[in-house]
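Undergrad: One structure follows; several queries about it will come next.
The values are calculated or read from the model by the stated rules, or taken from the named source; none is laboratory data. Everything numeric here is computed off the predicted structure, so don't read it as measured data. All Cβ positions, even for glycine, are placed from backbone atoms using ideal geometry, and neighbour counts span all protein chains on display.
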Amino acid sequence: MSQVLLFTGKGGVGKTTLAAATAASLAANGRKALVVSTDPAHSLGDALDVRLGPSPSEVDSADGLFACQIDPRGLVDEAWGELRGHLRTVLAGAGVDELDAEELTVLPGVEDLLALTEVRRLATTGPWEVVVVDCGPTAETLRLLALPEAFAGYLERLFPTHRRVVRGLLAGVAGTGTVEKWDATADALSRLAERLDALRSMLVDPASCSVRLVLTPERVVAAETRRTLTALALQGVRVDGVVANRLVPSPGDASGDAAAWLRTRRQEQDAVLAELSGIGEIRTVDHRASEPVGVPALLEVAAQLYGDEEPLPDAAGAAGSLLEVSGGGRGLDARYSLRIALPLADDAEPDLARVGDELALTVDGRRRLIALPSLLKRCIVTGAEMDSGGVTVGFRPDPSLWR
């Protein structure tokens, strides 16, 4: 399987240019690379200065560089149509009105989900070493990356696995009178579930998939970047780097109105970058006088962005485990801590709740259920503390469960 590198950021920060520049650099250094756009507002072809379609094609001016712009609408017509037909059969047979059944099978987000599925298909079947993805703006990307898990949960609630695997069990419920139609539906649902599982596995595997965040040094954009880091960590998706784009040049000792403007603007940008220093290394790219269009111009951007370094992330540098348990003691006097590693902004307000054998952690409206280690399932939560690196939850043995 190809390594997958996702570029995202607030709209207008230059993520398309940097994704294309990264892919062009990889190809120039002998790696076969595919750059693909899932952004509904496609501009990848404009950045490369070539005409792109939904199927990968080699860029004439760069050996080993391929590109395409995914057409989600076409994927829906091709891949979703068959399954929708099966679902309408089951829902109508269960007494759902025909019009309601039609509406129930038009699921919000299915186009985005199929676009992400297409990325995985290209990564697993194509000849490329690397697939670089130009994603949509941050909010859309976060929703996109959450879709596989959300759809899998939706599917399991509607058609549980244990019911799908029993051949023909619901043929009567579907009202078809035959086992064959239910079998076809069960097969289609099972294939969808398998694809969702494979997609989730790819996204949370730090050795094969990572996200690179692009920002411009502005306070509003920086604040969104911090929230995005937290949201991606909650989803278990690795962020391998942050790029600050469009730094204005320093005027040095020059005088005049233009120099004063540049000096003030650069000081503001440097102050924003200083505030972000806690999130790790930030690569920078200068603001250019002319828009970088075409492979030669993109390679110039990549040269400044990466220098002599490898554009791909080092899998060995992947983040450690989200959870870490510490503490101990004897019997009911034991005390334990669960550390949830999570980058948090100073104004973040995490909300924790115990739900059976899980902790529900919510930050900025995004929620993740965290399965407790077996030791802590028999414990009571005693409190929680937060810092910029995450949340530490205290536990003590539950006398009614501790033996």
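Undergrad: Among the numbered criteria (1) in contact (Cβ under 8 Å) with a residue 60 or more places away in the chain; (2) on the phi > 0 side of the Ramachandran plot; (3) out of contact with any strand residue (DSSP E or B) (no Cβ under 6 Å at 6 or more places or on another chain), which one does A47 miss?
TA: That leaves (2) as the condition not met.
Undergrad: Anything in region 1-31 that is farther than 12 Å from V132 by Cβ and of a type in the set (K, R)? List them, or say none.
TA: The answer is K10, and nothing else.
Undergrad: Taking the conditions exactly as written (outside the structural domain of T230 (by TED's automatic domain parsing), outside any strand (DSSP E or B), surrounded by 12 or more Cβ atoms within 10 Å (Cβ to Cβ) and within 26 Å of the chain's Cα centre (by Cα)), does L344 satisfy them or not? So that I can check it myself, show each step before the final result.
TA: Values: outside the structural domain of T230 (by TED's automatic domain parsing): yes; outside any strand (DSSP E or B): yes; surrounded by 12 or more Cβ atoms within 10 Å (Cβ to Cβ): yes; within 26 Å of the chain's Cα centre (by Cα): yes.
Against the criterion (outside the structural domain of T230 (by TED's automatic domain parsing), outside any strand (DSSP E or B), surrounded by 12 or more Cβ atoms within 10 Å (Cβ to Cβ) and within 26 Å of the chain's Cα centre (by Cα)), L344 qualifies.
Undergrad: Could you look through region 11-48, keep only residues that are in contact with a Pro (Cβ under 8 Å, 6 or more places away or on another chain) and not in a loop (DSSP other than H, G, I, E, B), and pick out the one that is farthest from P296 (Cα to Cα)?
TA: V36
Undergrad: Could you check V243 against (1) part of a helix (DSSP H, G or I); (2) modelled with pLDDT of 90 or more; (3) in contact with a Leu (Cβ under 9 Å, 6 or more places away or on another chain) and say which number it fails?
TA: Here V243 clears every test but (1).
Undergrad: Checking P249 against (1) surrounded by 17 or more Cβ atoms within 10 Å (Cβ to Cβ); (2) in contact with a strand residue (DSSP E or B) (Cβ under 8 Å, 6 or more places away or on another chain); (3) not hydroxyl-bearing (S, T, Y), which single condition isn't satisfied?
TA: P249 satisfies every listed condition except (1).
Undergrad: Restricting to region 191-221, name every residue that is small (G, A, S), at pLDDT below 90 and not in a loop (DSSP other than H, G, I, E, B).
TA: A193, A198, S201
Undergrad: Kindly indicate which of S277, S290 is more than 21 Å from V239 (Cα to Cα), assigned by TED's automatic domain parsing to the domain that holds L65 and of a type in the set (G, A, S). Full working, then the answer.
TA: Values: S277 fails: more than 21 Å from V239 (Cα to Cα).
One residue alone meets the criteria, S290.
Undergrad: Being of a type in the set (D, E, K, R) and either in a strand (DSSP E or B) or farther than 23 Å from T230 by Cα (or both) is the filter here; which residues of region 358-398 pass it? Spell out the reasoning first.
TA: Within region 358-398, the subset of a type in the set (D, E, K, R) is 358, 364, 366-368, 377-378, 385, 387, 396, 398.
Matches in region 358-398: E358, R366, R367, R368, K377, R378, E385, D387, R396, D398.
Undergrad: Additional query: Using the structure shown, decide if A289 is under 23 Å from T16 (Cα atoms), surrounded by fewer than 16 Cβ atoms within 10 Å (Cβ to Cβ) and either in contact with a Phe, Trp or Tyr (Cβ under 8 Å, 6 or more places away or on another chain) or of a type outside the set (D, E) (or both). If you could, list the steps in order and put the result at the bottom.
TA: Values: under 23 Å from T16 (Cα atoms): yes; surrounded by fewer than 16 Cβ atoms within 10 Å (Cβ to Cβ): yes; either in contact with a Phe, Trp or Tyr (Cβ under 8 Å, 6 or more places away or on another chain) or of a type outside the set (D, E) (or both): yes.
For A289, the condition - under 23 Å from T16 (Cα atoms), surrounded by fewer than 16 Cβ atoms within 10 Å (Cβ to Cβ) and either in contact with a Phe, Trp or Tyr (Cβ under 8 Å, 6 or more places away or on another chain) or of a type outside the set (D, E) (or both) - is met.
Undergrad: Let me ask something else. Looking only at region 273-294, count how many residues are touching a strand residue (DSSP E or B) at 6+ places or on another chain (Cβ under 7 Å) and assigned to a helix (DSSP H, G or I).
TA: Within region 273-294, residues that are touching a strand residue (DSSP E or B) at 6+ places or on another chain (Cβ under 7 Å) and assigned to a helix (DSSP H, G or I) number 2.
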